[in-house]
Amino acid sequence: MAEPSPVALALGGRCPQCGAPGLFDGLVRFAPKCRACGLDFHSFNVGDGPAAFLILIVGAIVTIGAITLELAAEPPWWVHLVWIPVATGLTIFGLGLGKAWLLGQEYQHRAREGRISE
Ligand SMILES: [Zn+2]
């Protein structure tokens, strides 16, 4: 079987080992392990790396969107309240995607926290 691409795995929330769905147990929380092959998702520590990137990316998207909307339509001020749920949604969606992608990368490259060989 060909290795599925990391992006496809991340988008589908799929296990990097067997490709079965069910990586997530909730919006951005990983399930304890794969229900299909038993890969222990909690042994991967993706940390908060994605969150920092995400804040920058979501911030840029929302800022550009707000400026574009303002220049194009000059809506009343309250229309811009829409950016709050948009930013929240993008952050949650992006965080899940980023974490799933990182876990896939760690799985592929067998990255682990530094350890003296035992
Ligand atoms: Zn699996």
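So here's what we get for this one:
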{"quantity": "Accessible area, probe 1.4 Å, largest first, for residues Phe24, Phe93", "calculated": "Phe93, Phe24"}
{"quantity": "Length added when fully stretched, Ile92-Asp25, from 0.36 nm per residue minus Cα-Cα", "calculated": "22.7 nm"}
{"quantity": "Degrees between helix 83-109 axis and first principal axis of the chain (Cα, 0 to 90, nearest 10)", "calculated": "20 degrees"}
{"quantity": "Nearest 10 degrees, 0 to 90: helix 49-73 Cα axis against the chain principal axis", "calculated": "20 degrees"}
{"quantity": "Magnitude of the charge dipole, the chain, Cβ model with Lys/Arg +1 and Asp/Glu -1, debye to 20", "calculated": "380 debye"}
{"quantity": "Burial order of peptide ranges 76-87, 47-58 (average beta-carbon count within 10 Å, highest first)", "calculated": "47-58, 76-87"}
{"quantity": "Probe 1.4 Å, protein heavy atoms only - accessible area per residue of the chain in square angstrom", "calculated": "67 Å²"}
{"quantity": "Accessible surface of Thr68 - all protein chains present, 1.4 Å probe, nearest 10 Å²", "calculated": "80 Å²"}
{"quantity": "Around Phe24: net Lys/Arg minus Asp/Glu count, Cβ-Cβ under 11 Å", "calculated": "+2"}
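The values are calculated or read from the model by the stated rules, or taken from the named source; none is laboratory data. Keep in mind the model is a prediction, meaning the values are calculated, not measured. Cβ atoms come from the backbone with ideal geometry, glycine included; neighbour counts cover every protein chain shown. We work out accessible area using only protein heavy atoms, side chains counted, and drop any ligands, DNA or RNA first. Shrake-Rupley method; radii C 1.70, N 1.55, O 1.52, S 1.80 Å.
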